[in-house]
Amino acid sequence: MALAGASLLTHCLSNVYSFALPATLILLWAGALRNKNVGQVVRRPPADGSPAAFLQPHDTRGRSTLRLRLCNDLPYEEKAGHAFSVRERILAPAVGFRHAAIGLVGPCTAALAVIAACWWWTGHGQIGHLLAKQQRGTAGLQLDQIARLPAVWSTQFGYLFGLAAAAALTTYSFAGGSRKQLLAIWAWLGLLPVWLLADWDRIGYPEAYFIETAYAAGLLGAILIVDACRRLPARALPRYVLAALGVLAFAQMAIGTADDCLGQGRLANFTGIANKPAELRHDIGAKAAGWYVRTYVPASAIILCLHDNKGMEASVAEYYLGRRVLAGYDQPAETLPALLAAVRDDAGVVIVEADRESLLAGTQFASVCTIRDRGRPIRYVYARPAMSLPQVDQDIRVLNQEYDRSYRPTHVPIALPAAPGFDRCLSKYQNVCGTLKRQLRMELRNRS
């Protein structure tokens, strides 16, 4: 129970959408504490003095079995004649408030304490990040995403197993009093907030928040296939066909997952699985840009990273550049021209993706570094001509090797350096970002 509690604590602190499992466990523990007999063996008077007298004879399709009855649970069955020990008979001891304190109340309270400490000492922490989603326009009722769920669902499981997982989630949602319904509740609690309240276009990578739903619904999909096979007559053609489809669904999901994780997603059209973030499917040039900045850009220069909801956002940019930069999170692409116009006078260097190079056309910045991937430009570094920075035009692999050779971190940096006057520029940058996001939300609301 202590190990389960520690696991729950770790889970609660894993991300801002981690409340589905503790909410499900609250329902489970509430039911368990209401019925003190949950998990207790139903003891019956011994008929012949043997240990097997604790077990009820039960006939299943002509096979003699022994059923160990558990309240509000599926029966535990073994073939007749098995010698049961005392430890085997007492499979699930009764639970009480002491167990709930160790397995649920304590971990959740500790998680809330850590979250509160983060709020107080680290700039609002998890809850602050979740609340900031609303300010960034990534939260709110998103009814238009109802029709988009099947496409995202297939990227989690593949085409075939996705159907099984969806059918299982629907079926077992109404399986009252069973463990399967608990898995369904867990899946729904994880799915609904991300599905209806989080703007996938602003998040950029919504699949990352489907972890709990994918786990629970995936288990239900496997259970549904096995249950369906067991209900069909043995050695009947439909049973073999269903088993073959189940194996095919598992194989498609396994191949698709391996291709997505270890390959380049070349089989995504065949399997349907495409979970890897766009920035992990190819090198976005952050490390190469970091090499140039660390090598040539003086510490007094203020750097602006233009990004949307992916790429060189604040955490990525500051890690590779080794200094604080003007960057944020979830910046709508439509606001980037206005953002650049508002803060470009404060920046000495601008880092931009190749497909947004046109934003720097006609400005006082000149290209000083071109980062290529097999000849194709993927990222540029622009700087003011007065800085007289050297020109570099190189393949990303070469620059990555130079970065690893010279700047690979050997410890976690505690505080990053910042250029003089950076805090004032950062405050202006954040205010401009907030204003542009609010204006964009109003425009979208007026259009709808």
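If you check 369, 425, 433 for being in contact with a helix residue (DSSP H, G or I) (Cβ under 7 Å, 6 or more places away or on another chain) and either part of a strand (DSSP E or B) or among the aromatic types (Phe, Trp, Tyr) (or both), only one passes: 369. Here residue 251 fulfils each of the conditions (1) outside any loop (DSSP other than H, G, I, E, B); (2) in contact (Cβ under 8 Å) with a residue 12 or more places away in the chain apart from (2).
Set side by side, the residues 218, 190, 256 differ, and just one is in contact with a Leu (Cβ under 7 Å, 6 or more places away or on another chain) and of a type outside the set (Val, Ile, Thr), which is 256. In the set 320, 329, 240, 296, only one residue is at pLDDT 95 or above and not hydrophobic (A, V, I, L, M, F, W, C); that residue is 296.
A Cβ distance below 8 Å, combined with a sequence gap of six or more or placement on separate chains, defines the contacts here; from the stretch 419-448, residues that are hydroxyl-bearing (Ser, Thr, Tyr) reach residues that are not in a helix (DSSP H, G or I) in the pairs 429/304; 429/326; 429/328.
Would you tally the residues in the stretch 188-228 being charged (D, E, K, R), part of a helix (DSSP H, G or I) and at pLDDT below 90? Total satisfying the criteria: 4.
Condition check ((1) assigned to a helix (DSSP H, G or I); (2) buried (at least 19 other Cβ atoms within 10 Å of the Cβ); (3) not assigned by TED's automatic domain parsing to the domain that holds residue 208) across all residues:
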{"residue": "270", "(1), (2), (3)": "yes, no, no"}
{"residue": "288", "(1), (2), (3)": "yes, yes, yes"}
{"residue": "291", "(1), (2), (3)": "yes, yes, yes"}
{"residue": "294", "(1), (2), (3)": "yes, no, yes"}
{"residue": "298", "(1), (2), (3)": "no, no, yes"}
{"residue": "307", "(1), (2), (3)": "no, yes, yes"}
{"residue": "311", "(1), (2), (3)": "no, yes, yes"}
{"residue": "319", "(1), (2), (3)": "yes, no, yes"}
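Out of 316, 343, report the one residue that is of a type in the set (Val, Ile, Thr) and touching a residue at least 40 places away in the same chain (Cβ under 8 Å).
Working: 316 fails: touching a residue at least 40 places away in the same chain (Cβ under 8 Å).
Every option except 343 fails the conditions.
When every residue of the stretch 228-242 is checked against the conditions, at least one turns out to be at positive phi and either surrounded by 20 or more Cβ atoms within 10 Å (Cβ to Cβ) or not aliphatic (A, V, I, L, M) (or both).
Any chance the stretch 349-362 includes a residue that's in a loop (DSSP other than H, G, I, E, B), surrounded by fewer than 20 Cβ atoms within 10 Å (Cβ to Cβ) and in the same structural domain as residue 397 (by TED's automatic domain parsing)? The answer is yes, given that some residue of the stretch 349-362 is in a loop (DSSP other than H, G, I, E, B), surrounded by fewer than 20 Cβ atoms within 10 Å (Cβ to Cβ) and in the same structural domain as residue 397 (by TED's automatic domain parsing).
The values are calculated or read from the model by the stated rules, or taken from the named source; none is laboratory data. If you're wondering where the values come from, they're calculated on a predicted model, not measured in any experiment. Quick reminder, even Gly has a Cβ in these numbers, built from the backbone with ideal geometry, and neighbours come from all protein chains shown.
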